Structures are given as structure tokens and as C-alpha cells.
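A quick write-up on the structure given underneath.
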Amino acid sequence: MKFRKERLEDLIKEEMSVILKKELDFAETGLVTITRVQMTPELKLCRIFYSPLSDDKIPHLAEIFKLRGKYFKGILSHRVQMRHMPEVEFVFDTNPREVAHLESIFNEISKDQKKKE
């Protein structure tokens, strides 16, 4: 069952990326990346994590996903053949920003250490 869950997560990530490319107006929302998909073990809930290219679009994207979430789930259910399509929840992914912040901190520490040497 674990491998099935992982395959479904990968498939949903790919399909959702294609759906967003066709359905979203990038002039309005900016570029959006589906960073990962997590499904519960019983396959009842699917969390789709997204990350926009620009931070100023985050509130607007959250509103779009809230309003059109069921619409995206409907499209997804036609593209991914499952007996029961899980509930879909869109979540802003903070990991890429946290990683970038940590990298900048490590770079500063590295520069400071080189200056001391």
C-alpha cells in the first residue's frame, strides 16, 4: 500500500501541475509550483503543497484555491482514475523559503569565518 500511495502522490503532483498550467491566468497569479503532495495512509485526504514565484501573490492564490478547490478536484478526478477521489486541500509550502533563509544564514557564517582566518 505504501508504494501505491507514493505513486498516487507523484501522479497527482504531475496532473495538478498540468491542470494549473491550463487553468490559471499567470498574469494575475504569477508562476506557481506544486512542490509536493501528501496523502493520508487511508487515501481519504490529499494535501497539495504549492509555492508561488513571488511572495505578493500568496494571499491571492490562497483565495483562488479556496474558491476553486472543488473545481480542481473535479478535473483531477477525471484525470486520475480512482474508485474514491480523496478530499483535496491546498497548502502554501513554506519549506522553499525556509531553506533559502537557512542557506543565506549559513553563507553569512561562512563569510564571517573566512574573514576571521
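FYI, it's all coordinate maths here, none of it is from the lab. Nothing here was measured: the structure is a model prediction, and the numbers come from that model. All Cβ positions, glycine included, derive from the backbone under ideal geometry; neighbour counts span all protein chains shown.
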Hey, what number do you get for the chain at 222 nm if only DSSP H runs of n ≥ 4 count, each worth -39500 (n - 2.57), divided across all residues, to the nearest 500? -20000 deg cm²/dmol
Can you compute 3J(HN,Hα) from phi for each residue in the stretch 30-47, using the Karplus curve 6.51 cos²θ - 1.76 cosθ + 1.60 with θ = phi - 60°, rounded to whole Hz and x for Gly and Pro? x, 6, 10, 10, 7, 8, 6, 10, 10, 10, 5, x, 8, 6, 9, 9, 10, 9
What is the angle, in °, between the Cα long axis of helix 58-79 and the longest principal axis of the Cα atoms in the chain? Nearest 10 is fine, range 0 to 90. 40
In the neighbourhood of LEU31 defined by beta carbon distances under 13 Å, the net charge of the other residues (Lys, Arg +1; Asp, Glu -1) is -2
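Taking the Cα centre of the stretch 2-116 as origin, work out the dipole magnitude from +1 charges on Lys and Arg Cβ and -1 charges on Asp and Glu Cβ, in debye rounded to 20.
Once rounded to the nearest 20, the dipole reads 400 debye.
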Rg/Rh ratio calculated on Cα atoms of the chain (Kirkwood radius): 1.11
Filtered hits (aspartates and glutamates, Cα-Cα < 17 Å from LYS70, offset >= 8 within chain) -> GLU15, GLU23, GLU87, GLU89
Measuring from the longest principal axis of the C-alpha atoms of the chain, the long axis of helix 95-116 (C-alpha) lies at a number of degrees, nearest 10, equal to 10
Specify which residue in the list LEU76, SER104, LEU61 is farthest towards the positive end of the charge dipole of the stretch 2-116, using unit charges on the beta carbon of Lys, Arg (+1) and Asp, Glu (-1), about the Cα centre. LEU76
Rounded to the nearest 10 degrees, the helix 2-23 long axis (Cα) sits at an angle to the longest Cα principal axis of the chain of 90
In the stretch 1-100, which trypsin sites (Lys or Arg not before Pro) are in a loop and have at most 14 other Cβ atoms within 10 Å, using DSSP for the loop call? LYS44, ARG83
Determine the alpha carbon to alpha carbon distance for each of LYS21/LYS44; LYS5/LYS66; LYS57/LYS111 and list only those over 31 Å. LYS57/LYS111
